[in-house]
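See below for the structure under consideration.
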Amino acid sequence: MKELVIISGKGGTGKTSIVAAFASLAVNKVLSDADVDAADLHLIMNPQATERHDFQAGHSAVINLDKCTACGLCRDLCRYNAISEDYTVTRMDCEGCGVCVYFCPEKAVDFPLKTCGEWYLSETRFGPMVHARLGIAEENSGKLVTLVRQEARKVAEAKKLDLILTDGPPGIGCPVIASLGGASAALIVTEPTVAGRHDMERVAQLADFFRVPVMVCVNKADLNPDSARDIQHYAEQKGYAFLGAIPFDPVFTKAMVVGRTVIEYDNHTEAAAALRQIWQKVSSSIGLQAA
Amino acid sequence: MIISIASGKGGTGKTTVATNLAVSLGGGVQLLDCDVEEPNAHLFIHPVFEKTEIVSTGVPEVDETKCNLCGKCGEICQFKAIVVIGKTVLPFQELCHSCGGCMEVCPEHAIREGERVLGEIEVGHRNGLEFIHGRLRVGEAMAPPLIRKVRSLARPDKVTIIDAPPGTSCPVIASMKGADFVLLVTEPTPFGLHDLKLAVGAVRMLGIPCGLVINRSDMGDDRLREYAGSEGIPVLMEIPFDRKIAESYSRGELLVDVMPEWRERFLELYQRITDLVKLAGESVFSSRKQ
């Protein structure tokens, strides 16, 4: 079983649309959406949830004012300034470290488990999908990403599927790190802009750091053909497989508006042809059987 | 005044709006790039950097000659960042949230505070504009403490413009909290709208007034405008899709340099933001009086 993670560094390069297109092309796979704090893949996949679970992670301090003697120890010890002068804890600022809970001489601090979001096991027209919704302003996105990927792996094992197709988050921080560990390969979707190039280099470094093989493709390539070529040279120089370029095409937006993949929307566009070629290269390079 | 520029969805034009707004306003302005995972604003501002500061966070270092393996440090740590296994104590510094609990609890005072590098902050200028950004070390998971450090350099006597990261979780909150206004940049597509709703949820939770910039305003559909109308979120600016804009962006050029007529529009945008901030201040004042 293989897991392909699609990342980009920079947001808005087309990760999710490309994952959706691959969902149209790949067989025997489970989809997983690891962009848990701004998940969008479901808008194309229209998943029907068969299971829904709370995502609980970490704790949050709550001061019982009936027991609190306002000694001030917790406020002195809290490094996140999460406790106000009137001894209420701002949930958004509480890191869940439990230092106040441990040291309170009156045992006045409760420490309930936090529900930070939900995750779902669903069916789609392209097969099973695992996805999640992190509560707004919540922490623990990395843990939720890990959970989504683990559940997708369980589905793949139970149904004897060949592939986990994971839509990754932007950036290089905690949720991206959680998306990469143990993946068979990472496909970086970049764009031929100074920002796309800069961000690709950083996320490729991160994938190298976790020893995940990197592949690169350029979306919206004709917006700056010189830059697209530079990216190809950069990838080749670094030993990353360069899989091809996709032209800028309003069909991405049109397909999204009607909730279809770019392939479903119109299989005869230049973008669709480019995506099919890239998918073939991806599947042979990670060792999937041709459909 | 602090204006934080956020979006939910990535790639909608936050950096375009932040950089062009900052440059249009000229002197007396600070631009803080708080997208420390993937900072891009410098690619458009081309600042001359004068100062670099390494930013670290506290992590446990154990003096094994003092440690008696009592295990209290592992007991208090919620992040599995320090454990006693057999006859050794193992700190996992990359998991540490720097709460200081292990140091506080250790009866032998065997733990002192070492450092883990989070990244660096660079400070520079272009013309009258002060430019500051954070760069998270590749491999480091925790962006919020570095973002807070960048924010600590905001000066109250200046207009501070913050380029926030995408998403709606802790790094975004760290970039919006305490701002006077959040300018949300989005595009009229289903992804743009879906993620905007999450961003609006976060902004409302923080109780900050907000407004909208619609980028690539002539692509997609009408659902975004319907949503903005029904939620009473003012649309402060629209930027149509223009291949010339996209191409100059790809080269790292500012919109206001390529098409100088946009400078006036960014100044108008700023004017509308200051009006809304004033209005929000007055309504808070009048609701307090009631």
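The spacing between the range B:62-82 and the range A:160-180, judged by their C-alpha centroids, is 33 Å. Taking a threshold of 25 Å on the Cα-Cα distance, which of the pairs A:Lys220/B:Lys14; A:Lys159/A:Lys254; B:Lys80/B:Lys177; A:Lys107/B:Lys72; A:Lys159/A:Lys238 fall above it? Cα-Cα > 25 Å for A:Lys159/A:Lys254; B:Lys80/B:Lys177; A:Lys159/A:Lys238; rest within. Axis angle, to the nearest 10 degrees, between helix A:141-158 and the longest C-alpha principal axis of chain A: 60 degrees.
Take the alpha carbon atoms of the range A:93-123, find their center, do the same for the range B:232-286, and report the distance between the two centers in whole angstrom. Between the Cα centre of the range A:93-123 and that of the range B:232-286, the gap is 40 Å. Rounded to the nearest Hz, the phi-derived 3J(HN,Hα) couplings of the range B:111-122 under the Karplus curve 6.51 cos²θ - 1.76 cosθ + 1.60 (θ = phi - 60°) are 10, 10, 8, x, 9, 10, 6, 8, x, 9, 10, 10, where x marks glycine and proline. Counting only alpha carbon atoms, the long axis of helix A:270-285 and the longest principal axis of chain A meet at about 70°. Here the label points at B:Ile54 and B:Ala154, each 7 Å from Cα along the C-beta direction, are separated by 2.9 nm in the simple model. One Cα centroid belongs to the range B:157-218, the other to the range A:207-254; the line between them spans 29 Å. The amide H of A:Gly135, built 1.01 Å from its N in the peptide plane, has A:Gly117, A:Glu118 as neighbours under 5 Å, considering only residues 5 or more places off or on other chains. Remark: the Cα gyration tensor places the range A:61-111 in the rounded category, a/c being less than 1.5. Each of A:Gln277 and A:Asn46 was given a label point 7 Å from its Cα along the Cα-to-Cβ line. The distance between the two points is 3.2 nm. For B:Glu231 and B:Glu108, a Förster radius of 51 Å and the Cβ-Cβ distance give a FRET efficiency of 0.35, rounded to the nearest 0.05. Residue-wise HN-Hα couplings along the range B:10-16, as the Karplus relation 6.51 cos²θ - 1.76 cosθ + 1.60 with θ = phi - 60° gives them from phi, are x, x, 8, x, 3, 5, 4 Hz; Gly and Pro carry x. Using only side-chain charges placed at the Cβ, +1 for Lys and Arg and -1 for Asp and Glu, the dipole size of the range B:144-269 relative to its Cα centre rounds to 700 debye.
Here the residues B:Lys244, B:Lys158, B:Lys149, ranked from fewest to most Cβ neighbours within 10 Å of their Cβ, fall in the order B:Lys244, B:Lys158, B:Lys149. Between the helical axis of B:190-206 and the dominant principal axis of chain B, each derived from Cα atoms, what acute angle in degrees is found, rounded to the nearest 10? For helix B:190-206, the angle is close to 60 degrees. The relative contact order of chain B comes to 26 percent, based on Cα pairs under 8 Å that sit 6 or more residues apart. Output the relative contact order of the range A:61-111, whole-number percent, from Cα pairs under 8 angstrom with separation of 6+ residues. Result for the range A:61-111 is 52 percent.
The sum of -39500 (n - 2.57) across all DSSP H runs of n ≥ 4, divided by the residue count of chain A, sets its helix-only mean residue ellipticity at 222 nm to -10500 deg cm²/dmol. Shape class of chain B from the Cα gyration tensor (axes a ≥ b ≥ c, square roots of the eigenvalues): prolate, since a/c reaches 1.5 or more and a/b is larger than b/c.
Over chain B, dividing the summed -39,500 (n - 2.57) contributions of all DSSP H runs of at least 4 residues by the number of residues returns a 222 nm mean residue ellipticity of -11000 deg cm²/dmol. For a modelled paramagnetic label at B:Asp275, 7 Å from Cα along Cα-to-Cβ, the residues of the range B:194-223 in reach, with backbone nitrogen under 19 Å, are B:209-214. Taking every Cα-Cα distance in chain A and sorting them into 5 Å bins from zero, the calculated P(r) comes out as 1, 6, 12, 15, 15, 14, 10, 7, 6, 5, 4, 3, 2, 0, 0 percent.
Here, each number is a calculation from the coordinates, and none is a lab measurement. All of these numbers come straight from a predicted model, not from anything done at the bench. No Cβ is skipped: glycine too gets one built from the backbone with ideal geometry, and neighbour counts run over all protein chains shown.
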